[in-house]
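The structure appears right after this line, and notes come after that.
The values are calculated or read from the model by the stated rules, or taken from the named source; none is laboratory data. Since the structure is predicted, the reported quantities are computational estimates derived from the model, not experimental observations. In this analysis, Cβ positions are derived from the backbone assuming ideal geometry, glycine residues included, and neighbour counts consider all displayed protein chains.
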Amino acid sequence: MPFITEEIYHALNDRKLGDDLMVKQLAPINYTPVNEAIIEQGNQLKAVITAIRDARNKNNVKPKESIALYITSDNEAVYSAVTSLLAKQINASTIEMTKEPVAGGISLVVGVDKLYVILNDTTIDTVAQKAQLEKDLQYYIGFLQSVEKKLSNEKFVQNAKPEIIAMEKKKQSDALAKIKTIEESLQLL
């Protein structure tokens, strides 16, 4: 109903002849650069919430049941900024940073961070958890072998762009870190 909007526009203030809203040029939009750190933090938070909710579903833990979360991470600042939001999304009574592994709960790996979910009233199916971790371990070992095969191929290394090689080396280091954290989690079970 554009003509009603035009009437309201003219009724709000006295306008000059020809000062119509329909033909008015809007002010240009000033775009601010995107803060990549905030986007990365949001992606990390999303991955953690998804992993914890998946673990709850696999272990038949209801979303209403409160948990305690312990996080081992080299980048604690990412978690300290979003602790209250994370607690609400996963129904956590406590969230703490730790350097030591925590036994007696569900061990998760998100990126290179380790999460330990302690359930208050529910028992954990350690057999299923161990099977899932072993499956993940086999996947990452195969993934690491394929990346190392690429990097050991001289033709690939000579012909690939430097950023592609750097990306493959990052994949290699990430896979090694994930394998290490999964092996540590398996030892806790």
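Just a few scattered comments:
- Helices (runs of 4 or more DSSP H) fully within region 71-189 counting 1 or more residues that are loosely packed, with under 12 Cβ neighbours inside 10 Å and outside the structural domain of I49 (by TED's automatic domain parsing): 126-152, 154-159, 162-188
- Those residues of region 1-45 which are small (G, A, S) and either at positive phi or in contact (Cβ under 8 Å) with a residue 24 or more places away in the chain (or both), in sequence order: G18
- Region 1-51: number of residues that are closer than 18 Å to A77 by Cβ, loosely packed, with under 10 Cβ neighbours inside 10 Å and among the acidic types (D, E): 1
- Residue check for V34: out of contact with any helix residue (DSSP H, G or I) (no Cβ under 9 Å at 6 or more places or on another chain), hydrophobic (A, V, I, L, M, F, W, C) and not in a helix (DSSP H, G or I): yes
- Of all the residues in region 49-64, those that are assigned to a loop (DSSP other than H, G, I, E, B) and either farther than 18 Å from A128 by Cβ or among the β-branched types (V, I, T) (or both) number 3.
This table checks each residue for (1) closer than 22 Å to I182 by Cβ; (2) at pLDDT below 85.
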{"site": "I39", "(1), (2)": "no, no"}
{"site": "Q44", "(1), (2)": "yes, no"}
{"site": "A51", "(1), (2)": "yes, no"}
{"site": "A55", "(1), (2)": "yes, yes"}
{"site": "V61", "(1), (2)": "yes, yes"}
{"site": "E65", "(1), (2)": "no, no"}
{"site": "S73", "(1), (2)": "yes, no"}
{"site": "L86", "(1), (2)": "no, no"}
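- Close contacts from region 62-81, counting a first residue that is of a type in the set (D, E, K, R) and a second that is at pLDDT below 85 and surrounded by fewer than 13 Cβ atoms within 10 Å (Cβ to Cβ), with Cβ to Cβ under 8 Å and a gap of 6+ residues or different chains, come to E65/N120; E65/D121.
- Against the test of being of a type in the set (S, T, N, Q), under 20 Å from K62 (Cα atoms) and modelled with pLDDT of 85 or more, the options S93, S107, S152, S146 yield a single qualifying residue, S93.
- Identity of the residue in region 106-120, in contact with a strand residue (DSSP E or B) (Cβ under 8 Å, 6 or more places away or on another chain) and β-branched (V, I, T), that ends up farthest from E65 (Cα to Cα): V109
- Within region 151-180, restricting attention to residues that are in contact with a Leu (Cβ under 8 Å, 6 or more places away or on another chain) and not polar (S, T, N, Q), the residue that is nearest to Q138 (Cα to Cα) is I179.
- Boolean, K46 is in contact with a helix residue (DSSP H, G or I) (Cβ under 7 Å, 6 or more places away or on another chain), outside any loop (DSSP other than H, G, I, E, B) and within 27 Å of S173 (Cβ to Cβ): no
- Test: residue in region 17-33 that is at pLDDT 85 or above and either farther than 22 Å from A68 by Cα or hydroxyl-bearing (S, T, Y) (or both): yes
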